[in-house]
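Everything on this sheet refers to the single structure shown next.
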Amino acid sequence: MEEQVKADVDTVMQENQILESKNEELQTALEGEKDKVNMLKDKVKELQTTLEKETQGKNKAENEVVSVTHKMNKLKDAKVKVDSSLVEKTRENEKLSTALTQVTASY
């Protein structure tokens, strides 16, 4: 009976060592997986930062397009005014030229 108890104790001790060894392997694997998770978290943060910078750049570019479009519209409006003024001045010059021709012809 005593020998059976010793044999059972030896068996339990061996099984315990196997379990402890497997536990160490699992702990090592878990640490490796934690490292991978941390690297992925760092990569996500890096990608978020890049995305934020690109979004800011895109917004800035869009604002610049709006600003340039606004300036172009102002220039177009100014051109229309200048063209209208030029047409008016041309008409006035034609009237003056006609009047000058009439005055010259009467001499």
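Miscellaneous remarks
- Taking a sphere under 13 Å around the Cβ of Ala99 and counting the other residues whose Cβ falls inside, with K and R at +1 and D and E at -1, yields a net charge of 0.
- Seen from Asp8, the other residues with C-beta closer than 12 Å to its C-beta sum to a net charge of -3, counting Lys and Arg as +1 and Asp and Glu as -1.
- For the range 51-58, 3J(HN,Hα) per residue [Karplus equation, 6.51 cos²θ - 1.76 cosθ + 1.60, θ = phi - 60°, Hz, x = Gly/Pro]: 4, 4, 5, 5, 5, 4, x, 5
- Most mobile listed residue (Glu54, Glu33, Glu94) in the chain, GNM with C-alpha springs under 10 Å: Glu94
- Estimated [θ] at 222 nm from DSSP helical runs (n ≥ 4, -39500 (n - 2.57)) normalised by residues in the chain, nearest 500: -38000 deg cm²/dmol
- Point-charge dipole on Cβ atoms (K/R +1, D/E -1) for the chain, about Cα centre, debye to 20: 2220 debye
- Projected-area mean, the range 1-48, by convex hull of Cα positions, square nanometres: 3.2 nm²
- Net charge of Cβ neighbours under 12 Å - reference Leu26; Lys, Arg +1; Asp, Glu -1: -4
- In order along the range 97-105, the Karplus-derived 3J(HN,Hα) couplings, from 6.51 cos²θ - 1.76 cosθ + 1.60 at θ = phi - 60°, round to 5, 5, 5, 5, 5, 5, 5, 5, 5 Hz, and Gly and Pro are given as x.
- Per residue accessible area in Å² of the chain, where ligands, DNA and RNA are left out and the probe is 1.4 Å: 96 Å²
- Förster radius 35 Å - calculated FRET efficiency between Glu52 and Ala78 (Cβ-Cβ, nearest 0.05): 0.35
- Working from label points 7 Å from Cα in the Cα-to-Cβ sense, the Gln27 to Val12 distance is 2.2 nm.
- Listed candidates (i) 1.66; (ii) 1.93; (iii) 1.77 - label of the one calculated as Rg/Rh (Cα atoms, Kirkwood Rh): (ii)
- Here the chain exposes an accessible surface that is 59 percent carbon and sulfur, computed with a 1.4 Å probe and the other protein chains kept in place.
The values are calculated or read from the model by the stated rules, or taken from the named source; none is laboratory data. Owing to the predicted nature of the structure, the values given are computational and were not obtained by experimental measurement. Quick reminder, even Gly has a Cβ in these numbers, built from the backbone with ideal geometry, and neighbours come from all protein chains shown. Accessible surface is based on the protein model in full, side chains and every heavy atom, while ligands, DNA and RNA are left aside. Shrake-Rupley method; radii C 1.70, N 1.55, O 1.52, S 1.80 Å.
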